[in-house]
Amino acid sequence: MTSDPSSLASRLDLERLDRDLFRGYSPDDGRPRVFGGQVAAQALVAAVRTVAPDRPVHSLQSYFLRPGNPKVPIVYQVDRIRDGRSFATRRVVAVQDGEAIYNMAASFQVTEEGLSHQEPMPEAPSPESVPSYRELIRRKAHDHPVFKVLEQLESHIDIHDLDPVDPLQPRHRDGPHLVWWKACERLPDDPLLHQCVLTYASDYTLLDASLHRHAKTWLDPQMMVASIDHVIWFHRPFRADEWLLYSTDSPSASGARGLNLGRIFSQDGTLVASVAQESLMRVRA
């Protein structure tokens, strides 16, 4: 994909061990566990490599089963469930040390014309109107040790939050949360790679939607927070190395779980994908 081993395209690249068996690696940048978006994106890469290139992915449904160890390679086992005339279905299980850490079902479809409609994109200031997520982290590096750790992590996605919440001073927030993002690097023209990059980036900021309804953040020591499942529907072509607007909200939280919904738009207002995720948001006793 690229000669730069630290690039996002290289991080999502997989070693083929057998016809339907792949191995992926994680950055050694100090994370205590593998970033969920990376596992989802690598699993989709594995599935894509077993499907004809004229069938882009149109949806995926997945579950995070166990935290991944960044020091251990991840093996992706692909099951070719079905290859029909229009659709193909794949199941992918990500395994570490003999145990499943992630499970995905993905559906692929030959491109077809048909009826079309979409909801309009919310009005939003430009991404350049606010500082980047990386800049906000630099500003907080002396306020809490966790920000020094975050400053050292690999940064593949340029995020500009239009209404950031300080995790050290959380506040209640209702309604849609708007964030601009794009890949930091220029990507090859392969549209399937751009779908994999969107899968990677869609795990950023999403579970904040339910936490912020209760003035909580992932840094609160009383909260146990993790992604449980992750669903994406791909609607229209896009480039993940050009600005995309991520609009997220949470319609419900109950049973120590929060439901988070997201819509992703290109700058011209095209709805390119929809996302849903249920997250664990358990209050520690």
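Details
- Pairs meeting the criteria (first residue in the stretch 57-81 and in contact (Cβ under 8 Å) with a residue 24 or more places away in the chain and on the phi > 0 side of the Ramachandran plot, second residue among the basic types (Lys, Arg) and in a strand (DSSP E or B), beta carbons under 8 Å, at least 6 apart or on different chains) are lacking.
- The single condition among (1) within 25 Å of Lys216 (Cα to Cα); (2) surrounded by 19 or more Cβ atoms within 10 Å (Cβ to Cβ); (3) in contact (Cβ under 8 Å) with a residue 60 or more places away in the chain that Tyr133 does not meet is (3).
- Residue satisfying condition, being more than 17 Å from the chain's Cα centre (by Cα) and on the phi > 0 side of the Ramachandran plot, within set Asp174, Asp166, Asp97: Asp97
- Verdict on Gln169 being surrounded by 13 or more Cβ atoms within 10 Å (Cβ to Cβ) and out of contact with any Ser or Thr (no Cβ under 7 Å at 6 or more places or on another chain): no
- Residue that is nearest to Pro67 (Cα to Cα), among those in the stretch 242-265 that are surrounded by fewer than 18 Cβ atoms within 10 Å (Cβ to Cβ) and either of a type in the set (Ser, Thr, Tyr) or under 15 Å from the mean Cα position of the chain (by Cα) (or both): Ser254
- Count - residues of the stretch 80-103 that are of a type in the set (D, E, K, R) and either closer than 21 Å to His235 by Cα or surrounded by 14 or more Cβ atoms within 10 Å (Cβ to Cβ) (or both): 5
- Residue in the stretch 187-209 that is aromatic (Phe, Trp, Tyr), touching a Phe, Trp or Tyr at 6+ places or on another chain (Cβ under 6 Å), modelled with pLDDT of 90 or more and closer than 25 Å to His230 by Cα present: no
The values are calculated or read from the model by the stated rules, or taken from the named source; none is laboratory data. Just so you know, these numbers come straight off a predicted model, no measurement behind them. We place every Cβ from the backbone using ideal geometry, glycine too, and count neighbours over all the protein chains shown.
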